[in-house]
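Asker: Structure below; questions to follow.
Rule-based calculations on the coordinates, nothing more; no lab input. In this text the structure is predicted, and so the values were computed from the model without any measurement. We place every Cβ from the backbone using ideal geometry, glycine too, and count neighbours over all the protein chains shown.
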Amino acid sequence: MSAGIRQAGQGDRDLVVRLLDSAFQDDPVSGWVFPGDEYRRATHHRLMAAFADIVLEAGRIDMTEDGSACALWLPTPAGGHEADDEGPAQVRAAVDPDNERVELIARLTAGIHPTDRAHEYLWMIGVRPGRQGEGIGSALMGAVLDRCDREGTPAYLEASSERSRKLYERLGFDLLGRPLQLPDGPQMFPMWREPRHFGEPRQS
């Protein structure tokens, strides 16, 4: 599947937030953080906005020209980003101060994030409902993975479902350690991809 891809800017922020909100409404991890359909519809978009703001400032958001998908990438140096113990609490305060899971998931994922090597961190990738399963996500990731291969840079992510885990495995990611078991919730799958010789074909 071929798709025109461009880098999102501040002017695309609201579009990115709406896209991520719709793409993750039925995601198992989003359902754990925001239990209940009505509550999730009313609040989930605030967390997506916080994520978009962080990555627009410190990373890169790629999106398809038709606005059907976007991917949030954060370059991570060896040693990780500077520790910010207040960050998860600040996000919780902005999203929903009464929801401790907003803060907890940030701390849990930070705790399993590898720090020994510089890498590209795929924070999240969202495809609009109705367009999922068309290969758009794989195409959107391809440009960054090709760059990783050219530069010899690994990539890392946390898959939020078995379905997405299988997609990432086809793109060369492997499970890194044990899955993260969310308290009374689903698993997340930390995954790592070593760079390939540039030009080596990816499975599709």
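Asker: Work from the charge dipole of the range 5-193 (Cβ charges, +1 for Lys and Arg, -1 for Asp and Glu, about the Cα centre) and give the residue of Val91, Gly185, His44 farthest towards its positive end.
Answerer: Gly185
Asker: In percent, what relative contact order does the chain have, based on Cα pairs under 8 Å that are 6 or more apart in sequence? Intermediate results must be reported in sequence, preceding the final value.
Answerer: Working: 327 pairs, mean separation 45.3, N = 204.
Relative contact order, the chain: 22 percent.
Asker: Further question: Please list the equivalent ellipsoid semi-axes of the range 119-196, computed as the square roots of five times the alpha-carbon gyration tensor eigenvalues, in descending order and whole angstrom.
Answerer: 21, 18, 9
Asker: Let me ask something additional. About the Cα centre of the range 5-193, what is the dipole size in debye to 20, counting +1 per Lys and Arg Cβ and -1 per Asp and Glu Cβ, all else neutral? List each step's numbers first, then the result.
Answerer: On the way: 21 positive and 31 negative charges, 99 e Å.
Around 480 debye, computed over the range 5-193.
Asker: What is the diffusion coefficient of the range 5-193 in µm²/s, taking the Kirkwood radius over Cα pairs and the Stokes-Einstein relation at 37 °C with a viscosity of 0.692 mPa s?
Answerer: On the way: Rh = 16.8 Å.
Answer, rounded: 195 µm²/s.
Asker: Let me ask something else. Can you tell me what share of the DSSP beta bridges in the chain is antiparallel? A percent to the nearest 5 is fine. List each step's numbers first, then the result.
Answerer: Details: 24 of 27 bridges.
Roughly 90 percent of the DSSP beta bridges within the chain come out antiparallel.
Asker: Could you calculate the contour length gain from Ala42 to Glu57, that is, 0.36 nm times the residue separation minus the distance between their Cα atoms, to one decimal place in nm?
Answerer: Working: separation 15, 0.36 × 15 = 5.40 nm, distance 2.53 nm.
Between Ala42 and Glu57, full extension yields an extra 2.9 nm.
Asker: For the range 65-77, just list the computed ³J(HN,Hα) in residue order, Karplus coefficients 6.51, -1.76 and 1.60, θ = phi - 60°, integers in Hz, with x standing in for Gly and Pro.
Answerer: 4, 8, x, 8, 7, 8, 9, 9, 10, 10, x, 10, x
Asker: Now, a different point. Sorted from fewest to most neighbouring beta carbons within 10 Å, what does the list His45, His113 look like? The partial results should precede the final answer.
Answerer: On the way: His45 19, His113 16.
Ascending number of Cβ neighbours within 10 Å: His113, His45.
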